[in-house]
Amino acid sequence: MKNKPFRIAMLATLVIFAVISAFVIFNQKDQDVISTSDEFPPIEGQPTMGNSESVVQVVEFGDFKCPSCKAWGESIYPQLIKDYVETDKISFSYINVLFHGKESELASLAAESVYKMDPSSYWDFQKRLYEEQPTQNRDGKWVTIEKLLEVAAETTEVDLEELETELNERTMQEEVDLDAELVREFDVQFTPSIMVNGTMLEDPFDYDAIKSLIDEGLEDNQ
Ligand code: CA
């Protein structure tokens, strides 16, 4: 009998909590997002630029063979970098997606090797590789070891013979598999997929939506 008021108080607290939770979830549906999770993709060991200590992390899940990723890199990425990475407000990371099969995988193996051997050149290599993606005959084969070595020669200081050996021996396979695992875990459905903290954008080309999620995250943690 003594515990009755306590129980009522507990029950009332639970009811209030449930109402608030429902309200929060209901309101989240108003934003242009696919899913929101408390878990953020782990970016340790992933190519990351900007402020790695920032409370806001933006992750691109990209595929070197994907035309939309090339388009995103030319339209949205430069603005995002200028507004938030060069100003040190956020961290920006890239995780490989292998939706286009063997060529996606080969390009990812090369990117992982470059990141390991010459991390400061990684982003130049990545940008240049997307530039090499043909605008015509997009499904035609273009990712070859020769092409990857050519791009590495132009953008990095890596030892090309060593890179060639790594590609032939698939040295960075574990890193590529880890990325593929993250793609499954975070239910990446298309490329590019852009995640701001735990929130996946419905339209990665909607820069205003990306911006408002970032600004919200920065404000919440001031
Ligand atoms: Ca990776």
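Data table
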quantity: Some residue of region 65-82 being among the β-branched types (Val, Ile, Thr), within 16 Å of the ligand (Cβ to nearest atom) and at pLDDT 95 or above; calculated: no
quantity: Selected residue (criterion: surrounded by the most Cβ atoms within 10 Å (Cβ to Cβ)) from residues of region 121-162 that are more than 17 Å from Leu98 (Cα to Cα) and within 16 Å of the ligand (Cβ to nearest atom); calculated: Phe125
quantity: Some residue of region 112-120 being more than 16 Å from the ligand (Cβ to nearest atom), assigned to a helix (DSSP H, G or I) and out of contact with any helix residue (DSSP H, G or I) (no Cβ under 8 Å at 6 or more places or on another chain); calculated: yes
quantity: Qualifying residues in region 168-186 (those that are crowded, with 19+ Cβ neighbours inside 10 Å and more than 10 Å from the ligand (Cβ to nearest atom)) - the one nearest to Phe99 (Cα to Cα); calculated: Val183
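Results for (1) within 21 Å of Thr171 (Cα to Cα); (2) within 14 Å of the chain's Cα centre (by Cα); (3) not acidic (Asp, Glu), shown as yes or no for each residue.
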position: Pro42; (1), (2), (3): no, yes, yes
position: Ser54; (1), (2), (3): no, no, yes
position: Gly62; (1), (2), (3): yes, yes, yes
position: Lys82; (1), (2), (3): no, no, yes
position: Lys102; (1), (2), (3): yes, no, yes
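The values are calculated or read from the model by the stated rules, or taken from the named source; none is laboratory data. For clarity, every value in this text was computed on a predicted model and none was experimentally measured. So basically every Cβ, Gly included, is an ideal-geometry build from the backbone, and we count neighbours across all protein chains shown.
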